[in-house]
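Quick notes on the structure that follows.
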Amino acid sequence: MAADRIMMGLDIGSSVTRAVIGSVNKDGQLMIDALCEKPTEGVRSGTILNIEQTLKTINSVINDAELQAGVEIHSVILGVGGEHIQGIPSNGVVPISNRDQEVTRDDIFRSIDVAKARELPQDQEILHVLVQEFIVDSRSGIKDPIDMTGHRLESKVLLISGSSSVCQNQRKCVQKAGLQVQRIMLQTVADSDVVLSPEEKEMGTILINIGAGSTNMIAYCQGGPVYAGGVAIGGDAVTNDIAYILNKPKQLAEQIKCESGACYVPSVNPSDVVIVPQVGGMPPERIAKKALAEVIEPRMAEIFIMLQSKLEELDLPAGFGGGVVLVGGGSLLSGVTDLASEIFKMPARIGFPEAIGGLDRSYINPQYSTVLGLLRSEAKKQSASSSNSSRKDSESRSFTSKIKGFFGRLF
């Protein structure tokens, strides 16, 4: 493993913090060496409220991962999400500078730089510049404009920004743990890298990550991202509802939700019952499972309706043939795909991360899509960078190989 490039992905969730260590060999193959998780302290709705508590969690999970992998890590790819995330459409137009009027990489970089120059609120910083399409003169829908002839190049992008204070607090925690932040990545972008295929993005797909403290969404149309954002409501709100209605401690309410919860009332058998443990040595209580579902469904429906309204504001011309894909811990609730399908009026499915070398099958689970996606995304970037470096030393190159790594970094 000494010759391989070692990297770590860190996802600081509201309920669980996960760290994964992987290695990329010279052929660009990713191998998972360790995956560890710990209950999170000091975080609510994706925002750090207590740095010392969060630092304790980070130190614990990183130390466990390093021991499991047998390596020492110096930097991390950090996942971020929450209500503070914004997806801002922008475009950049430049004249094609080549004497032969052929689009070059320099033209593309210049057009993207123009698109990035959009003024943002002072408390926001750019996390990603995701290319939607290129337009050469009046020809739209172009994914690869290199060597095309024209006079004007336009790049349409989605600027992903996040709260500077939220991101800085996460950086500070990682730095206090003795590590550097190699890159901050939007959680749903990471999810997309291990859950969605290029065909699904082309058809149009909505990916929703239902976490404990927040729910995040990214939507793709015609291969490019058209929306990214989130709401500050997640699975914890469901747990709180159960605790309040049943008058139970939150820990017990969480157990009831995970073991017996359902969020789509029509799918629940009216005769099914749930055994609710009592505190203080009292005998267990029996309640109808349908009654429990009637507590859970309104909150989950509220989350989906809030996200749906954000999409409706975009007034997109194209539909979502790929439907809705659900990941995160909240996607494991019984009936969640039925409820999402009813509200969004399109098919819905659970998204499972792709199999990666060295990964135990138990981790091919929607809960781990973000942390695995952080490594998958970085592995793709490293592979693309290596391909570009080797191509510079090669005198004879095909058109396909010339652009492969370059566009792998843009989309």
query: Which of the residues spanning the range 123-140 are out of contact with any Ser or Thr (no Cβ under 6 Å at 6 or more places or on another chain), surrounded by fewer than 16 Cβ atoms within 10 Å (Cβ to Cβ) and touching a residue at least 12 places away in the same chain (Cβ under 8 Å)?
result: 137
message: Out of the residues in the range 188-202 meeting the condition of being within 21 Å of residue 90 (Cα to Cα) and surrounded by 20 or more Cβ atoms within 10 Å (Cβ to Cβ), tell me which one is nearest to the chain's Cα centre (by Cα).
response: 188
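Working only within the range 225-241, note down all residues that are assigned to a helix (DSSP H, G or I), crowded, with 24+ Cβ neighbours inside 10 Å and either in contact with a Gly (Cβ under 7 Å, 6 or more places away or on another chain) or modelled with pLDDT under 95 (or both). Outline the logic, then answer.
Step one: filter the range 225-241 for residues assigned to a helix (DSSP H, G or I), giving 235-241.
Going one step further and asking which of them are crowded, with 24+ Cβ neighbours inside 10 Å, we end up with 235, 238-239.
Matches in the range 225-241: 235 only.
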task: Please state which of the following conditions residue 72 fails to meet, knowing it meets all the rest: (1) among the acidic types (Asp, Glu); (2) more than 18 Å from residue 356 (Cα to Cα); (3) in contact (Cβ under 8 Å) with a residue 60 or more places away in the chain.
output: (3)
statement: Among (1) within 30 Å of residue 17 (Cβ to Cβ); (2) at pLDDT below 95; (3) surrounded by 13 or more Cβ atoms within 10 Å (Cβ to Cβ); (4) in contact with a Lys or Arg (Cβ under 8 Å, 6 or more places away or on another chain), residue 376 falls short only on (4)
- prompt: Can you name the residue in the range 91-112 that is assigned to a strand (DSSP E or B) and more than 28 Å from the chain's Cα centre (by Cα) and is also farthest from residue 138 (Cα to Cα) among such residues?
  reply: 102
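Enumerate the strands (runs of 3 or more DSSP E) found wholly within the range 242-338, keeping only those where 1 or more residues are surrounded by 18 or more Cβ atoms within 10 Å (Cβ to Cβ), at negative phi and within 21 Å of the chain's Cα centre (by Cα).
323-327
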field: Residue list for the range 226-252, restricted to those being touching a Lys or Arg at 6+ places or on another chain (Cβ under 8 Å) and within 15 Å of residue 160 (Cα to Cα)
entry: 227, 229
statement: Considering the range 17-51, residues that are under 16 Å from the mean Cα position of the chain (by Cα) and under 19 Å from residue 73 (Cβ atoms), and then whichever is surrounded by the most Cβ atoms within 10 Å (Cβ to Cβ), we arrive at 20
message: Yes or no: the range 174-190 includes at least one residue that is more than 15 Å from residue 11 (Cβ to Cβ) and of a type in the set (Ser, Thr, Tyr).
response: no
- request: Please give the number of the condition residue 155 fails out of (1) more than 23 Å from the chain's Cα centre (by Cα); (2) over 11 Å from residue 90 (Cβ atoms); (3) at pLDDT 90 or above; (4) hydroxyl-bearing (Ser, Thr, Tyr).
  value: (2)
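Report whether or not residue 216 is without any contact (Cβ under 8 Å) to a residue 24 or more places away in the chain and out of contact with any Asp or Glu (no Cβ under 7 Å at 6 or more places or on another chain). Outline the logic, then answer.
Working: without any contact (Cβ under 8 Å) to a residue 24 or more places away in the chain: no; out of contact with any Asp or Glu (no Cβ under 7 Å at 6 or more places or on another chain): yes.
No, not satisfied.
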query: Looking at (1) of a type outside the set (Gly, Ala, Ser); (2) modelled with pLDDT of 95 or more; (3) not in a strand (DSSP E or B), which is the one condition that is false for residue 20?
result: (3)
message: With the structure loaded, tell me whether residue 83 is among the acidic types (Asp, Glu), buried (at least 16 other Cβ atoms within 10 Å of the Cβ) and in a strand (DSSP E or B) or whether it fails that test.
response: no
field: Filter result (among the hydrophobic types (A, V, I, L, M, F, W, C), part of a strand (DSSP E or B) and under 12 Å from residue 329 (Cβ atoms)) within the range 208-224
entry: 210
task: Mind listing whichever residues of the range 182-192 are farther than 14 Å from residue 85 by Cα and modelled with pLDDT of 95 or more?
output: 190, 191, 192
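Can you name every residue in the range 170-207 that is part of a helix (DSSP H, G or I), in contact with a Lys or Arg (Cβ under 9 Å, 6 or more places away or on another chain) and of a type outside the set (Gly, Ala, Ser)? Full working, then the answer.
Here is the first cut: in the range 170-207, the residues part of a helix (DSSP H, G or I) are 170-176, 187-195, 198-203.
With the extra rule that they be in contact with a Lys or Arg (Cβ under 9 Å, 6 or more places away or on another chain), the set shrinks to 190, 192-194.
193, 194, listed by residue number.
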message: Can you go through 62, 88 and tell me which one is closer than 29 Å to residue 46 by Cβ, part of a helix (DSSP H, G or I) and touching a residue at least 40 places away in the same chain (Cβ under 8 Å)?
response: 62
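Could you check how many residues of the range 322-367 are of a type in the set (Phe, Trp, Tyr), touching a strand residue (DSSP E or B) at 6+ places or on another chain (Cβ under 7 Å) and modelled with pLDDT of 95 or more? Steps first, answer last, please.
Narrowing the range 322-367 to residues of a type in the set (Phe, Trp, Tyr): 344, 352, 363.
From what's left, touching a strand residue (DSSP E or B) at 6+ places or on another chain (Cβ under 7 Å): 344, 363.
Now narrow it down to the ones that are modelled with pLDDT of 95 or more: 344.
Adding up the residues that qualify gives 1.
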field: Per-region count, the range 183-225, residues within 22 Å of residue 363 (Cα to Cα), in contact with a Phe, Trp or Tyr (Cβ under 9 Å, 6 or more places away or on another chain) and of a type in the set (Ser, Thr, Tyr)
entry: 2
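Quick one: is residue 173 surrounded by 18 or more Cβ atoms within 10 Å (Cβ to Cβ), touching a helix residue (DSSP H, G or I) at 6+ places or on another chain (Cβ under 6 Å), touching a residue at least 24 places away in the same chain (Cβ under 8 Å) and under 30 Å from residue 213 (Cα atoms)? Quick ask: steps written out before the conclusion?
Working: surrounded by 18 or more Cβ atoms within 10 Å (Cβ to Cβ): yes; touching a helix residue (DSSP H, G or I) at 6+ places or on another chain (Cβ under 6 Å): yes; touching a residue at least 24 places away in the same chain (Cβ under 8 Å): yes; under 30 Å from residue 213 (Cα atoms): yes.
Against the criterion (surrounded by 18 or more Cβ atoms within 10 Å (Cβ to Cβ), touching a helix residue (DSSP H, G or I) at 6+ places or on another chain (Cβ under 6 Å), touching a residue at least 24 places away in the same chain (Cβ under 8 Å) and under 30 Å from residue 213 (Cα atoms)), residue 173 qualifies.
The values are calculated or read from the model by the stated rules, or taken from the named source; none is laboratory data. Note that the structure is predicted; figures quoted are calculated from it, not measured. Glycine also receives a Cβ, built like all others from the backbone with ideal geometry; neighbour counts cover every protein chain displayed.
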